[in-house]
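Worksheet: one structure, shown below.
The values are calculated or read from the model by the stated rules, or taken from the named source; none is laboratory data. Bear in mind the structure is a predicted one, so any value in this text is a computation, not a measurement. Backbone-built Cβ (ideal geometry, glycine too); neighbour counts: all protein chains shown. Remember, those area values only see protein heavy atoms, side chains included, never the ligands or the DNA or RNA. Shrake-Rupley method; radii C 1.70, N 1.55, O 1.52, S 1.80 Å.
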Amino acid sequence: MSRTLAVVSAGLSQPSSTRLLADQLAAATRDGLVTRGEVVEVHPIELREHAHDVVNHLLTGFPSESLRAALDTVTGADGIIAVTPIFNASYNGLFKSFFDLVDAEALGDRPVLVAATGGTARHSLALEHALRPLFAYLHAVVVPTAVFAAPEDWSGGTADGALRRRIDRAAGELAEQIHRRPASTGPADPFALTTSFEDLLRGADG
């Protein structure tokens, strides 16, 4: 059975340094899993393509077909890479709104690698005071190494030096966390009964 890796990027521009960082992390994680003998499917999710649907879902409670597919990809993945630009010392609104739509129990014990981009290295603190607590609330397992990329970290559009070393370390941690866990069985069925039919009848009788 192949492993699935959901790669969520919340960049708003095209081209996006946030998507670039997400792709670099995904490639390094895929390589780490292949080295461990795993077959990997990488599923990129660019949130700007779902921005209107995210807002509509927040207002109506009903996702579009494409947004439902994106949410199912995230909740059914063996591991998640989540990358956001930093605005005003925290994740951007699109990133937060998307993960507000994820059920609080859906990512329990799921390995997550958090990363961010920003205009200055001072924004790197947001990884610890904003992103890590968000995924802790969702009961995910956030790997120890978080990755931040400022403009000066890119050399000709590629990761170099310290950024490359941090990408490789974080990706290795995520690959190991995925490798040691059983393969995901996919997203939870929202209509599945969590109580047996007999227990429901007993409850009705009581």
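Can we say A10 is out of contact with any helix residue (DSSP H, G or I) (no Cβ under 7 Å at 6 or more places or on another chain) and either surrounded by fewer than 19 Cβ atoms within 10 Å (Cβ to Cβ) or over 16 Å from A183 (Cβ atoms) (or both)?
Taking the combined requirement at face value, the residue does not satisfy it.
Within the stretch 38-54, restricting attention to residues that are touching a residue at least 40 places away in the same chain (Cβ under 8 Å) and of a type outside the set (A, V, I, L, M, F, W, C), which residue is farthest from I167 (Cα to Cα)? Talk me through it step by step, then tell me what you get.
Just the residues of the stretch 38-54 that are touching a residue at least 40 places away in the same chain (Cβ under 8 Å), to begin with: 38, 47-48, 50-51, 54.
The next check asks that each one be of a type outside the set (A, V, I, L, M, F, W, C); those that pass are 38, 48, 50.
Details: E38: 20, R48: 24, H50: 27 Å.
Filtering first and then ranking leaves H50.
Provide a single number: the residues in the stretch 73-89 that are under 20 Å from V141 (Cβ atoms) and open to solvent by 30 Å² or more (accessible area, probe 1.4 Å). Spell out how you get there, then give the answer.
In the first step, residues of the stretch 73-89 are kept if they are under 20 Å from V141 (Cβ atoms); the result is 73-84.
Okay, now just the ones that are also open to solvent by 30 Å² or more (accessible area, probe 1.4 Å), so 73.
The total comes to 1.
In the set L25, L47, L33, which member is open to solvent by less than 60 Å² (accessible area, probe 1.4 Å) and more than 19 Å from T145 (Cβ to Cβ)?
Within the list L25, L47, L33, the selection yields L47.
Test of understanding: among V8, V34, which residue is among the hydrophobic types (A, V, I, L, M, F, W, C), outside any helix (DSSP H, G or I) and closer than 24 Å to R165 by Cβ?
Step by step, each of V8, V34 is checked, and only V8 is among the hydrophobic types (A, V, I, L, M, F, W, C), outside any helix (DSSP H, G or I) and closer than 24 Å to R165 by Cβ.
Yes/no per residue for (1) surrounded by fewer than 18 Cβ atoms within 10 Å (Cβ to Cβ); (2) more than 21 Å from G32 (Cβ to Cβ); (3) among the aromatic types (F, W, Y):
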site	(1), (2), (3)
V112	no, no, no
G119	yes, yes, no
H123	no, yes, no
A140	no, no, no
V143	no, no, no
R166	no, no, no
L174	no, no, no
H179	yes, no, no
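Answer yes or no as to whether F98 is among the hydrophobic types (A, V, I, L, M, F, W, C) and without any contact (Cβ under 8 Å) to a residue 40 or more places away in the chain.
Criteria not met by F98.
Quickly run through the stretch 91-137 and pick out the residues that are in contact with a Lys or Arg (Cβ under 8 Å, 6 or more places away or on another chain) and either closer than 27 Å to W154 by Cα or not acidic (D, E) (or both).
Hits for the stretch 91-137 are L94, P111, V114, L134.
Condition first: assigned to a helix (DSSP H, G or I) and among the charged types (D, E, K, R). Now tell me which residues in the stretch 168-187 satisfy that. Let's see the steps before the verdict.
The initial filter retains those residues of the stretch 168-187 that are assigned to a helix (DSSP H, G or I), namely 168-179.
Those that are assigned to a helix (DSSP H, G or I) and among the charged types (D, E, K, R): D168, R169, E173, E176.
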